[in-house]
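Read-outs throughout are calculated quantities, based only on the coordinates presented, and are distinct from any laboratory measurement. This is a predicted model, so every value here is computed, not measured. A quick note on method: Cβ atoms are made from the backbone with ideal geometry, for glycine too, and the neighbour counts reach across all protein chains shown.
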Amino acid sequence: MSYKSSTIKSKWKKTKWLNEDAYFRQYVPHTLPFSKNNLNTMLASYSTVFFKPTDGSGGRNIVRIRKTDGGYTSQLNTTKTSYSSSSQLYRDLNRFAGSRPYLLQKGIRLAKSNGKPFDIRVMVQKTREGAWVSTALFTKVGNPNKVATNYNQGGSIGTFKNTMSGANFGSAFTQQLESELKRLGVAVGRNFDRHYKGFKELGLDVAVDSKGRPWILEVNTRPQVYPLKTLKDKSLYHKVLSYGRQYGRTK
Ligand SMILES: Nc1ncnc2c1ncn2[C@@H]1O[C@H](COP(=O)(O)OP(=O)(O)O)[C@@H](O)[C@H]1O
Ligand SMILES: [Mg+2]
């Protein structure tokens, strides 16, 4: 795309930026670079661990690892593989990663809306005056057979209110979470500005666990907006584009 806004691909770099600050740290699931030691550390602490390419996007090449009675199960897209030991699992993950860096992240049990896992996109954009504004909140409702909710992985786009009510969260809670996430989005914008010049927009991927607690899974510096067009109500799409026009985003 031709519009101007800085891009940082490395999820590890961005996670470290957030973890420097106690306010953000409470939202960041435990994350470590992939190594044999770190794999064992994560497996000792969590029943589900995500294995994600550090420079990845679009939900591609993400593996979900789950502990089972006899060992571990990995899932890539819809394909599951069983392992009886962590060293066997490590060998396979290492082969899969090849020379690409990977991260390990505590798995969040995503809340489900009408039986489907979802997470939230918080779209944050800068005004001409340089102030960050959380312009849109929407949801990505995933295919229950997949490990990523991304639109490119067969996820669909929902409104925040409908998805939250489909997950049986009450309207008071939903409103409170909306303001919390909008505040968080603005704060992340300011944090990113302190580390690197030229950001005009950011997209936070926020998971809500079954208890309603929000977790930042990643911060996108090149967030996609076109999936918003699939909503019947186009007002959010137009709102994001009208903010985007100020830095040359046209779609
Ligand atoms: N730690 C996690 N716990 C639960 N689900 C996760 C976790 N990390 C990623 N996912 C799922 O995978 C999707 C893609 O992960 P993400 O970190 O956003 O990478 P990408 O850059 O590929 O979008 C998320 O939207 C979520 O559905
Ligand atoms: Mg994402």
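How many angstrom lie between the Cα centre of the stretch 28-56 and the Cα centre of the stretch 77-108?
First find each Cα centre; the distance between them is then 10 Å.
For the chain, what does the helix formula give at 222 nm: sum of -39500 (n - 2.57) over DSSP H segments with n ≥ 4, over the residue count, nearest 500 deg cm²/dmol? Let's see the in-between values first.
Working: 7 runs with 77 residues, N = 251.
Rounded to the nearest 500, the figure is -9500 deg cm²/dmol.
Please give the helix 171-195 orientation as an angle from the longest Cα principal axis of the chain, in degrees from 0 to 90, rounded to the nearest 10.
Helix 171-195 sits roughly 90 degrees off the main axis of the chain.
Please give me the summed charge of the neighbours of residue 141: other residues whose Cβ is under 14 Å from its Cβ, Lys and Arg +1, Asp and Glu -1. Show your work: numbers first, answer last.
Values: positive: 112, 116, 121, 140, 146, 161; negative: 119, 205.
The answer is +4.
Relative contact order (percent) for the stretch 31-106, with alpha-carbon contacts under 8 angstrom and 6 or more residues of separation?
Reported as a whole number, the value is 42 percent.
Whole-Hz ³J(HN,Hα) for each residue in the stretch 241-250, computed from phi via Karplus 6.51 cos²θ - 1.76 cosθ + 1.60 with θ = phi - 60°, x for glycine and proline: what do you get?
Couplings: 5, 5, 5, x, 4, 5, 10, x, 7, 10 Hz.
In vacuum, with every alpha carbon of the stretch 1-137 counted as one equal point scatterer, what does the Debye formula give for log10 I(q)/I(0) at q = 0.09, 0.10, 0.11, 0.17 Å⁻¹? Two decimals, please.
For the stretch 1-137 at q = 0.09, 0.10, 0.11, 0.17 Å⁻¹, log10 I(q)/I(0) is -0.34, -0.41, -0.50, -1.06.
At a Förster radius of 22 Å, what calculated FRET efficiency corresponds to the Cβ-Cβ distance of residue 78 and residue 109, to the nearest 0.05?
Details: r = 19 Å, r/R0 = 0.87.
The pair residue 78/residue 109 has a calculated efficiency of 0.70.
Can you sort 8, 62 from fewest to most other Cβ atoms within 10 Å of each residue's own Cβ?
On the way: 8 18, 62 21.
Listed from fewest to most nearby Cβ atoms, that is 8, 62.
How much length would be gained if the chain were fully extended between residue 133 and residue 25, taking 0.36 nm per residue of separation minus their Cα-Cα distance, in nm to one decimal? Numbers along the way, then the final one.
Values: separation 108, 0.36 × 108 = 38.88 nm, distance 2.13 nm.
The residue 133-residue 25 span can extend by a further 36.8 nm.
Using the Kirkwood radius over C-alpha pairs as Rh, can you work out the diffusion coefficient of the stretch 31-106 via Stokes-Einstein at 10 °C, viscosity 1.306 mPa s, in µm² per second? Could you put the intermediate results ahead of the total?
On the way: Rh = 12.2 Å.
The diffusion coefficient I find is 130 µm²/s.
Mind jotting down the three principal axis lengths of the chain based on Cα atoms? Whole angstrom, largest first.
Extents along the principal axes, in whole Å: 55, 39, 32.
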